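Just below is one structure, and these are the notes that go with it.
Derivation of every value follows stated rules applied to the coordinates shown; laboratory data play no part. What you are looking at is a predicted structure, and each value in this text was computed from that prediction instead of being measured. When we count neighbours, we look across all protein chains shown, and the Cβ atoms used for this are built from the backbone with ideal geometry, even at glycine.
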Amino acid sequence: MPPTFVIFGASGDLTSRKLIPALYKLFVKGRLPSGVRVVGFSRSKFSHDQWRESLAETTAEFVGDGFDKGKWTEFAGHIYYHPGDIGEAEDFATLASFLSEVEEGKPCPRVYYLSMAPRFYEPAIQQLGASGLNDDCDCPRRVVIEKPFGTDLESAKRLNESVHEVFKEQQVYRIDHYLGKETVQNLMVLRFANTIFEPIWNRNYVDHVQITVAEEVEVGSRAGYYDSAGVMRDMVQNHLMQLVMISAMEAPVRYDADAIRNEKVKVLHAIRPLDERAIRKDTFRAQYRGYTACEGVESTSRTATFSALKLWIDNWRWQGVPFYLRSGKAMSCRTTQIVIQFREPPHKLFADSPKNLGESNRLVIQVQPDEGIQMHFQTKVPDAGMKMRQTDLDFNYQQEFKSKMPEAYERLLLDALEGDASLFARADEVEAAWKIIDPVLEGWKSSDKPTLYMYDPGFWGPDECTEWMREQGRDWFDTC
Ligand code: BG6
């Protein structure tokens, strides 16, 4: 039976920017099950046609060059709209009848996508339960929940409890769009479909790991939300933690949702909790100059827009290998990179060896943009005695595959429709990530240590962060 994709918060930004363009592209590629239906639900009083028309404009804008009017018209035939209020039980009853009407009374799988402000998650889930829309006796019913999933461990636990009153864990798909990125999935392929990396992917050969998610953009129109979230809640608790998990996890026994997530969660459990001393010494926070002048931000705000932290993973593979995480807004460029820095050779054989051989022996996984992988190593300069310099092996997705990278949401929406939760966060995973981040947020709240540094937009964060790294005998890999 073709599935039905129901979007709660249908008139919102995420729907028009990401969800509908992703569904449209999947439709054009022929990946959506034939007969699929997309049903929007929100308070705006659209007719089906009005919603389709408004989505036609936004989809054309966000899809850009690849937008095809004819294909859109075909796709729009699958789109419906049902006005309703999350707070009104009656509206869920009418939605239930509307859904069975468009499904012609047949048992069709459904995905309920919560694309709304987080304060509406719990009420929406309760209404789904009260109206029986969660009932998966005849057919799968799945719920997709956007980030942020809670604002701390307590709230995440409460939300998980409310969700579990209505849906079984297998029905719940917590989205982290970083998992939908091809290069993040490729990290698993790189590690577990090859034999050449895994033998050296451990404390015997790796000096440290750096994970950077730098954004050039400032907070812009999301300042109101961002000021209460800051970089730790907005980026580190979710996206960076996902990257840590996939970089550090053991090979799962099978490529399936539970086997993968079991291994990922073990990484979080092995991360050494940050105590007061570690928060002072191993965490770093900063704010870009001009942030407090943004509309929606308190003029006295001490929200960090940049942070760096050093984590230790206390397990057999990673003992003694620091994982450095760094993320910020208003930085010099947009780049997401995972750098595996291997150890220096134990003995410098050549007289002309550069002082710091460590800069080579480096694997850079370029998550975005210019997706690819580079390996840096020393090479003999021809006709120059034994002089050497750093050279690269460079794999670039675009050059190799000649096709545009799909949007993360395409893969994730399709997986939700097909019932594959491998690339979604499990309840314990989200809670374990909060358990690591909570003490840092608490520590930052209650003390001036570490200092909140300032940095100018357009740089790699504050100079003090570069110094902080140098003091540890290392350098950030600052390359766009
Ligand atoms: C979102 C954050 O989850 O990820 C945003 O809320 C951030 O603040 C965005 O800009 C970054 O995503 P991407 O895919 O552009 O790296």
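HN-Hα J couplings of segment 202-212 from phi, Karplus 6.51/-1.76/1.60, θ = phi - 60°, integer Hz, Gly and Pro as x?
Values, residue by residue: 6, 5, 6, 10, 9, 7, 6, 10, 10, 10, 10 Hz.
Leaving out same-chain residues fewer than 8 places away, which lysines sit with a Cα under 26 Å from that of Lys387?
Lys348, Lys355
Between segment 303-326 and segment 56-74, what's the alpha-carbon centroid distance in Å?
Computed from Cα coordinates, the inter-centre distance equals 43 Å.
Using all Cα-Cα distances in the chain, what percent lands in each 10 angstrom bin from 0 up to the longest?
4, 18, 28, 26, 16, 7, 2, 1, 0
What relative contact order, as a whole-number percentage, does segment 169-266 give when Cα pairs under 8 Å and 6 or more residues apart are counted?
Values: 41 pairs, mean separation 27.0, N = 98.
Answer for segment 169-266 is 28 percent.
Chymotrypsin sites (Phe, Trp or Tyr not before Pro), restricted to segment 119-210: which are DSSP loop and have at most 15 other Cβ atoms within 10 Å? Numbers along the way, then the final one.
On the way: sites: Phe120, Tyr121, Phe149, Phe167, Tyr173, Tyr178, Phe192, Phe197, Trp201, Tyr205; in loops: Phe149, Phe167, Phe197, Trp201, Tyr205.
The qualifying sites are Phe197, Tyr205.
Given +1 on the Cβ of Lys and Arg, -1 on the Cβ of Asp and Glu, and no further charges, what dipole in debye does segment 419-465 carry about its Cα centre, rounded to the nearest 20? Each step should come with its number before you reach the end.
Numbers: 4 positive and 10 negative charges, 22 e Å.
Once rounded to the nearest 20, the dipole reads 100 debye.
Using only Cα atoms, find the angle between the long axis of helix 427-446 and the longest principal axis of the chain, and express it within 0 to 90 degrees, rounded to the nearest 10.
Taking Cα atoms only, the helix is inclined about 60 degrees.
In whole angstrom, and with the biggest value first, how far do the Cα coordinates of segment 4-146 range along each principal axis?
Principal axes ranked by extent give 43, 31, 25 Å for the Cα atoms.
What value, in deg cm²/dmol to 500, does the helix sum -39500 (n - 2.57) over DSSP H runs of n ≥ 4 give at 222 nm once divided by the residues of the chain?
Details: 15 runs with 164 residues, N = 480.
Taking each H run of at least 4 residues, the total per residue is -10500 deg cm²/dmol.
What are the ³J(HN,Hα) couplings of segment 48-61, residue after residue, when phi is run through the Karplus curve with 6.51, -1.76, 1.60 and θ = phi - 60°? Round to Hz, x for glycine and proline.
4, 5, 4, 5, 4, 5, 5, 5, 4, 5, 5, 5, 4, 5
What trypsin sites (Lys or Arg not before Pro) does segment 52-152 have in DSSP loop regions with at most 15 other beta carbons within 10 Å? Don't skip to the end; give the middle numbers.
On the way: sites: Arg52, Lys69, Lys71, Arg110, Arg119, Arg141, Arg142; in loops: none.
Taking segment 52-152 and a limit of 15 other Cβ atoms within 10 Å, no loop trypsin sites (Lys or Arg not before Pro) are found.
In degrees from 0 to 90, rounded to the nearest 10, what is the angle of the helix 408-418 Cα long axis to the longest principal axis of the chain?
With rounding to tens, the tilt is 50 degrees.
Helix 182-192 versus the longest principal axis of the chain: what angle, 0 to 90°, nearest 10, using Cα atoms?
Approximately 60 degrees, to the nearest ten.
Past 18 Å, Cα to Cα: identify those pairs from Lys25/Lys181; Lys45/Lys106; Lys266/Lys329; Lys29/Lys69; Lys329/Lys449, in the order given.
Numbers: Lys25/Lys181 16 Å; Lys45/Lys106 27 Å; Lys266/Lys329 30 Å; Lys29/Lys69 15 Å; Lys329/Lys449 21 Å.
Beyond 18 Å: Lys45/Lys106; Lys266/Lys329; Lys329/Lys449.
Would you please name the GluC sites (Glu not before Pro) within segment 1-95 that are DSSP coil residues with at most 14 other C-beta atoms within 10 Å of their C-beta?
Numbers: sites: Glu53, Glu57, Glu61, Glu74, Glu88, Glu90; in loops: Glu88.
Sparse-neighbourhood loop GluC sites (Glu not before Pro): Glu88.
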